[in-house]
Amino acid sequence: MSVITLTIDGHLVSGRAGQSVLEVSRDAGIEIPTLCWLEGLSPWGGCRLCVVELKGEQRLFTSCTTVAAEGMHVVTRSARLENYRRMLVELLLAERNHYCAVCVVDGHCELQSMAARLGVDHVRFDYLNPPLPMDISHDLFGLDHNRCILCTRCVRVCDEVEGAHTWDVRGRGTTERVVIDLDRPWKESTSCTRCGKCVQVCPVGALFHKGVTVGEMVKDNSFLMDIIKRRRSAQPFVERRRS
Amino acid sequence: MNRAELDQLRDRARQAKGEQRVRFLVCYSTPCLSSGAPAIRAALEEGIAEEGRKGEVAVVATGCMGPCSRGPRVTVQHRGGQETAYERVTPEMARVLLRRHAADEEGPPEHVLAPDLPYFTRQTRWVLENSGRVDPENIADYIGRDGYAALGRALHEMTPEEVCEAIARSGLRGRGGGGYPTGLKWHLVRKARAERKFVVANGDEGDPGAYMDRTLMESDPHKILEGMAIAGYAVGADKGFIYVRGEYAVAAKRLEKAIRDAERLGLLGARVLDSSFRFRIDLRLGAGAFVCGEETALMNSIMGGRGNPSPRPPYPAQRGLWNQPTLINNVETLGAVAPILRHGPEAFAAIGTAKSKGTKIFALVGEVRTAGLIEVPMGITLREIVEGVGGGMSEGETFKAAQTGGPSGGCIPREHLDTPVDYESLTALGSIMGSGGLIVMGQKSCMVDVAKYFMDFCLDESCGKCIPCRAGTVEMHRILERITSGSAVEGEIERLEELCALAREASLCGLGATAPNPVLATLRYFRDEYHAHIREHRCPAGVCRFTDVPREHLGDRQAAQMQSARSEMEGI
């Protein structure tokens, strides 16, 4: 496996060919904020929080989708980037309904901690507060569209890891929403395996276990890398059997 | 079919045309169809049958003749070559025209469009050379005008590399708005190594007020197919997709027929023109999303997925449809290919400016006397387009600004009317060439309102994948709404500019990145109008109704509270 060397925030770091800028950066101990990205799932590039500057390029690049290349000069922190990241979180907070005080994941929420980490202490934009429904038809899990940030982690984990593809998105722009099967109540889903992976990877309080109240929902997505590592080690056997 | 048979077919088509003494060309493009062209055609056909002139007098349903604002349009051709163009024709008038022209008399002078109208004389028609001249549903008509000859030449006399080189030499650049050198793109896909390659024609035009691609597809579908086949040969693809916007039913129908006819004659399919080149074309209909005009979203849509854009790189030339190298060109770009090979790349490169060669089609609409589809040489000034081709401003209007590039472009004010129209000059002015929408506005247009209109369009069409575009456009629209309704306070323009910068730099695809352009351009040239709205509650154009009162912004109050809390804490 070939090794590449690049400069990130002035540090010379090395990584494996094919790794993304984000992966190389994290391996080197340089943290880049992310929301839609989750290790083990395919990169999505939707939240834009992980944008970085590349030397010689005008536009910004999302580090999760950009493949690291030899000799790249990456800047992950600058006044411009910090400002944009803050604005992005502000936009997310204003877009739907994120009142932490009445949220099941209060204190364990990735959006909340991201806002704190980036120093978002107020929102300068109009709160849109669209009236969105909830789906609590399922006996184990609940879905609250008001909290959803459309990161599509649930869609990806269900498709790529569980293999059920129960989740997808419908509509576009502000009317976009995650849906179950062809937009039916969760209870009636014929593809859902009740595995609950979507609930655990959801970074906010949009997906939760029924029965929890404010601040009680603690998510744990450590299972994801366990599964993926086991799959990788099983891969040679699967392929031998196939041939 | 081989090349000799193609030549025979061409001669036969020309001969058949020569046997007709008088030809009535009726414009059957969407604008004329909606203003009554079918009734005119019916009246003419009825008249011919009644007078027993079948054979010597023919009615041909053609593509767009322009100027579209004066439809329905009819052109009468006599065997000798003389032609008369009529505007605003009615079925009754059509009967009169038939009687007079069939008897070789002069037609009625009313409704005649003078042949020396600047609208006609100032155009340079390359891509639209057949538009309004041929029946788009008749392949023989196209072949009669040297159709598919360029494909024959490419297949039998040129190597793929030579074809790419010819396109590169012509200086053709992407006509969808990006302006990427077409020859370079072809070379890239040609050099890419892969099992399969694809060619895609982008006909998902969506800018409000623009209809260049629709007209081209409706008027001359075979030219696009020929361009695609040449592109396929040049880059080594055996399959093409033509992606047509779902609303363009007429264009889709004509393209479908064109594909069938071309396959039947062996001009597409397993052995194109008796060569070893294999090329098939499939039609794909969009489902009405503007964002599907973005190339990565368009490819997702072709593959049956949701029309969401994906980050580039990888570019389609590296990894496109089904992860194979894919050449994506706008239909207008592909429409220029056959004429370039027929007349030579040098002839095409001789038109235009140093960096922008050839001609560009514009949909000239708004407050001009003669609105319609035009094809003009690159480098023509806006003044020549508005005052020359368009015949000047409409009655009682004075020029205020011209919007190019639709919701991704910007407006160009009066003081820049003499700027040459080419990719670089328009970008320098804060607008873009875009796909060719050109909306001329008079003093009665409020520029804040125009910016709001385009922002409304973008927020509606955002796919929702990335936040700057999904939520940013909504917040920008809110601010513009406040400015036009009277509830805006000082500082809103600055917040608007901040959001513009975010959307421009942090968006995933071109839709979000260019969505702020109409706002930024109006702020650049008409900032005083914004100030008049906010400070004086006055709309200089008299469009906006101020129904609201200035409101303190909640965010500002919060910010002030946070500030005082912070200083208190520092005090402790």
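The values are calculated or read from the model by the stated rules, or taken from the named source; none is laboratory data. Bear in mind the structure is a predicted one, so any value in this text is a computation, not a measurement. Note that each Cβ is placed from the backbone with ideal geometry, even for glycine, and that neighbours are counted across all protein chains shown. We work out accessible area using only protein heavy atoms, side chains counted, and drop any ligands, DNA or RNA first. Shrake-Rupley method; radii C 1.70, N 1.55, O 1.52, S 1.80 Å.
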For the stretch B:351-442, what D do you get in µm² per second when you plug the Kirkwood radius from alpha-carbon pairs into Stokes-Einstein at 10 °C and 1.306 mPa s?
125
For a Förster distance of 22 Å, can you work out the FRET efficiency between the beta-carbons of A:ARG77 and A:GLN19, rounded to the nearest 0.05?
0.65
Which value in Å does the Kirkwood hydrodynamic radius of the stretch A:3-77 take, with 1/r averaged over all unlike C-alpha pairs and then inverted?
12.1
Among A:GLY10, B:LEU188, B:ILE385, whose Cα sits farthest toward the positive end of the charge dipole of the protein assembly as shown (+1 at Cβ of Lys/Arg, -1 at Cβ of Asp/Glu, about the Cα centre)?
B:LEU188
Quick one: which bits of the stretch B:481-520 get at least 10 Å² less accessible when the partner protein chains are in, versus the chain alone, with a 1.4 Å probe?
B:ARG482, B:ARG495, B:GLU498, B:LEU499, B:ALA501, B:LEU502, B:GLU505, B:ALA506, B:LEU508
For the pair B:GLU56 and B:ARG193, the simple spin-label estimate (label points 7 Å beyond Cα toward Cβ) gives in nm 6.8
At q = 0.04, 0.06, 0.07, 0.10 Å⁻¹, what is the log10 ratio I(q)/I(0) for the protein assembly as shown, with the Debye formula run over Cα points and no solvent?
-0.20, -0.46, -0.61, -1.14
Stokes-Einstein D for the stretch B:483-535 at 10 °C, 1.306 mPa s, Kirkwood Rh over Cα pairs, in µm²/s?
136
Roughly what % antiparallel, to the nearest 5, for the DSSP beta bridges in the protein assembly as shown?
65
One-quarter of the Cα convex hull surface for the stretch A:134-199, in nm²?
4.1
Can you list the residues of the stretch B:164-198 with backbone N under 16 Å from a point 7 Å past the Cα of B:TRP322, pointing along Cα to Cβ?
B:194-198
Taking the Cβ of B:TYR423 as the centre, find all other residues whose Cβ is under 12 Å away and add up their charges (Lys, Arg: +1; Asp, Glu: -1).
+3
What distance in nm lies between label points placed 7 Å from Cα along the C-beta direction at B:THR381 and B:ARG278?
5.6
Over the stretch A:1-56, with every protein chain in place, what whole percent of the accessible area is carbon and sulfur at 1.4 Å, could you tell me?
50
Exposed-loop cut sites defined as GluC sites (Glu not before Pro) in DSSP loop states with at most 11 other Cβ within 10 angstrom; longest site-free run of chain B spans B:196-394
Expressed as a rounded percentage, what relative contact order does chain B have, with Cα pairs under 8 Å and six or more residues apart?
13
If you take the beta carbon distance between B:ASP7 and B:ARG566 as r and set R0 to 60 Å, what does 1/(1 + (r/R0)^6) give as a FRET efficiency, to the nearest 0.05?
0.10
Accessible surface, the stretch B:19-117, averaged per residue in Å² (probe 1.4 Å):
44
Per the Debye formula with a single identical scatterer at each Cα and no solvent contribution, what log10 I(q)/I(0) holds for the stretch B:447-569 at q = 0.09, 0.19 Å⁻¹?
-0.27, -0.99
Please give the solvent-accessible surface of A:HIS73 in Å², to the nearest 10, using a probe radius of 1.4 Å with every protein chain present.
80
Using C-alpha positions alone, give me the convex hull volume of chain B per residue in cubic angstrom.
163
Suppose we keep just the alpha-carbon trace of the stretch A:102-223; what are its Rg and Dmax in angstrom?
14.5, 43
Along the three principal axes, how long is the stretch B:71-156 when you take its alpha carbons, biggest first, rounded to the nearest angstrom?
50, 28, 23
Using a Förster distance of 22 Å, the FRET efficiency for A:GLU216-A:ARG117 (Cβ separation, nearest 0.05):
0.45
Express the carbon and sulfur contribution to the solvent-accessible surface of chain B as a percent, rounded to the nearest whole number, probe 1.4 angstrom.
49
Protein heavy-atom accessible area occluded, B/A pair - total, 1.4 Å probe, Å²
3300
Quote to one decimal, in nm, the extra length available between B:ARG342 and B:GLU157 on full extension: 0.36 nm per residue of separation minus the C-alpha distance between them.
65.3 nm
What percentages make up the Cα-Cα pair-distance distribution of the stretch B:211-303 when the bins are 5 Å wide from 0?
3, 14, 24, 23, 20, 12, 4, 1
For B:457-467, what's the mean count of beta carbons from other chains sitting within 10 Å of each residue's beta carbon?
6
With a sphere of radius 9 Å drawn around the Cβ of A:VAL105, what net charge do the other residues whose Cβ falls strictly inside it have (Lys, Arg +1; Asp, Glu -1)?
-1
